[in-house]
Amino acid sequence: MSEQTPFRAVIACGGTGGHLFPGLAVAETLHERGHEVLLFVSEKEIDTTALRDHPEFRAEKLPSVGMPSNILSPAFVGFIRRFWESYSQCKKIYRKFRPSVVLGMGGFTSTAPILAARMKGLPCFVHESNAIPGRANRLAAKFATSVLIGFEESRQRFPSANCINTGTPVRRNLGNPLERAEAMKAFGLDPSRQTLLVTGGSQGASGINQLLFKSAPLLAGSGIQIIHLTGKNDDRLAAANYQRDDISHYVAPFHHRMEEAYSASDLVISRAGASSLSEISQFGLPSILIPYPFATDDHQKANAQIYSQAGAAELVTEKEAAPEAFAEMITHLLNDSARREKMAATARKIAPSTAASNVADVLEKAVGGTTK
């Protein structure tokens, strides 16, 4: 049996949950295999909060870097300055930490680390979780050894890169599926009743919340119950609406043990970020996807189309959503168990549960140096 010689890896994964949580999943996998990991994160609160649960990892904060769409904008000067600060900081850290490989999970927080790795002659990889890559990854891909993709559909977006389909890693602290009755205890709801989970991801989703508020009167009397994770602004309004319409509910801004929410649910209403979709697939759930309408290049809609065209989800655009039709879609799906089971099975097939291990395998192969 061969074992990988321990090495040091840098993972740049900050800025949003969609970059951070998959990066942490890979970091945990590498750590379990005996490798040392240094995380590059942003200065945002979501990064600081998540890292409290991971004292095993050293983390360095890089200046937040967001590239303006107009290079003639005065803000572009600030982007260049902060990007150079990040690049210089990466070079300094690399001299001390001496990594063998660098992985960027997307966003401009990861671009400077990839460029610094390339200039140092290190193998470096970019992970793109969305069907349509962002500007940062399109730039970083030019310097990367290979591009790791979450969807096969994104391969064509990197015509000059060596692409490897690994899937999108799911955060390890998500946990495994629970027995329905056990999961339902966390929400004080009835395990025998059909349950709808509404979530906007790590940032919440006001557009989804408003659609549910308008649809709630039409769901009254249907016997369903709702777990609604609103984000930080709409929780009181949501609770008041469900109370008014006499719908059993659990409402909170967030829920940190999402395995409980997924395990308790029969149907999910969600945005279509790649990380959220991977989690939905891991738990084998049918879904109604409402893409964030202002996502760069409308990439969430492209993600959702992969699921809807495969038969794993229904796709509803926020602009065209009508409360009456939306409520009818919810009740129709909840009343059609055969269709939900088919959707769930398809969702499981789209996103591999081995994605974190797949990424770790690529990094180990790049470093080489196995011993007997």
- Query: Looking only at the range 361-372, which residues are in contact (Cβ under 8 Å) with a residue 60 or more places away in the chain and in a helix (DSSP H, G or I)?
  - Reply: Val362, Leu363, Glu364, Ala366, Val367
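With Phe158, Phe125, Phe151, Phe187 as the choices, which residue is under 24 Å from the mean Cα position of the chain (by Cα), of a type outside the set (A, V, I, L, M), under 30 Å from Tyr250 (Cα atoms) and buried (at least 20 other Cβ atoms within 10 Å of the Cβ)?
On the way: Phe158 fails: under 30 Å from Tyr250 (Cα atoms); Phe125 fails: under 30 Å from Tyr250 (Cα atoms); Phe151 fails: under 30 Å from Tyr250 (Cα atoms).
Residue meeting the stated conditions: Phe187.
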- Looking at (1) surrounded by fewer than 18 Cβ atoms within 10 Å (Cβ to Cβ); (2) of a type in the set (S, T, N, Q); (3) part of a helix (DSSP H, G or I), which is the one condition that is false for Asn233? (3)
- Note on the structure: Screening Ser100, Ser64, Ser42 for residues that are surrounded by fewer than 24 Cβ atoms within 10 Å (Cβ to Cβ), under 19 Å from Ala140 (Cα atoms) and under 21 Å from the mean Cα position of the chain (by Cα) leaves only Ser64
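What number of residues in the range 10-38 are small (Gly, Ala, Ser), out of contact with any Gly (no Cβ under 9 Å at 6 or more places or on another chain) and either at pLDDT below 95 or crowded, with 24+ Cβ neighbours inside 10 Å (or both)? First the steps, then the outcome.
From the range 10-38, those small (Gly, Ala, Ser) are 12, 14-15, 17-18, 23, 25, 27, 34; that's our starting set.
Of the ones still in play, those that are also out of contact with any Gly (no Cβ under 9 Å at 6 or more places or on another chain) are 25, 27, 34.
Among the residues that remain, those that are also either at pLDDT below 95 or crowded, with 24+ Cβ neighbours inside 10 Å (or both) are: 25, 27.
Matching residues across the range 10-38 total 2.
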- Val147 hydrophobic (A, V, I, L, M, F, W, C), out of contact with any Phe, Trp or Tyr (no Cβ under 6 Å at 6 or more places or on another chain) and either under 20 Å from Ala274 (Cβ atoms) or modelled with pLDDT of 95 or more (or both): no
- Does the range 293-304 include one or more residues that are assigned by TED's automatic domain parsing to the domain that holds Ile208 and within 14 Å of Ala345 (Cα to Cα)? no
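Inside the range 321-352, can you point out the residues that are closer than 15 Å to Ser281 by Cβ and of a type outside the set (Gly, Ala, Ser)? Break it down stepwise before answering.
Filtering the range 321-352 for residues closer than 15 Å to Ser281 by Cβ gives 340-352.
Within the range 321-352, Arg340, Glu341, Lys342, Met343, Thr346, Arg348, Lys349, Ile350, Pro352 qualify.
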- Task: Filter the range 144-175 for residues that are in contact with a strand residue (DSSP E or B) (Cβ under 6 Å, 6 or more places away or on another chain) and either of a type in the set (S, T, N, Q) or over 26 Å from Gln282 (Cα atoms) (or both) and give the result.
- Result: Ala144, Thr145, Ser146, Ser154, Phe158, Ala161, Asn162, Asn165, Thr166
- Query: Taking into account only those residues within the range 39-63 that are more than 21 Å from Lys91 (Cβ to Cβ) and of a type in the set (Lys, Arg), which is modelled with the lowest pLDDT?
  - Reply: Lys44
- Given the structure, is Ser192 in the same structural domain as Gln305 (by TED's automatic domain parsing), over 25 Å from Thr317 (Cβ atoms) and at pLDDT 95 or above? yes
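Return the only residue of Ala141, Ala186 being small (Gly, Ala, Ser), in contact with a strand residue (DSSP E or B) (Cβ under 9 Å, 6 or more places away or on another chain) and without any contact (Cβ under 8 Å) to a residue 40 or more places away in the chain.
Working: Ala186 fails: without any contact (Cβ under 8 Å) to a residue 40 or more places away in the chain.
Checking each option against the conditions leaves just Ala141.
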- Item | Candidates Leu38, Leu30, filtered to the one that is in contact (Cβ under 8 Å) with a residue 40 or more places away in the chain, part of a helix (DSSP H, G or I) and in contact with a strand residue (DSSP E or B) (Cβ under 8 Å, 6 or more places away or on another chain) | Leu30
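The values are calculated or read from the model by the stated rules, or taken from the named source; none is laboratory data. Note that the structure is predicted; figures quoted are calculated from it, not measured. Note that each Cβ is placed from the backbone with ideal geometry, even for glycine, and that neighbours are counted across all protein chains shown.
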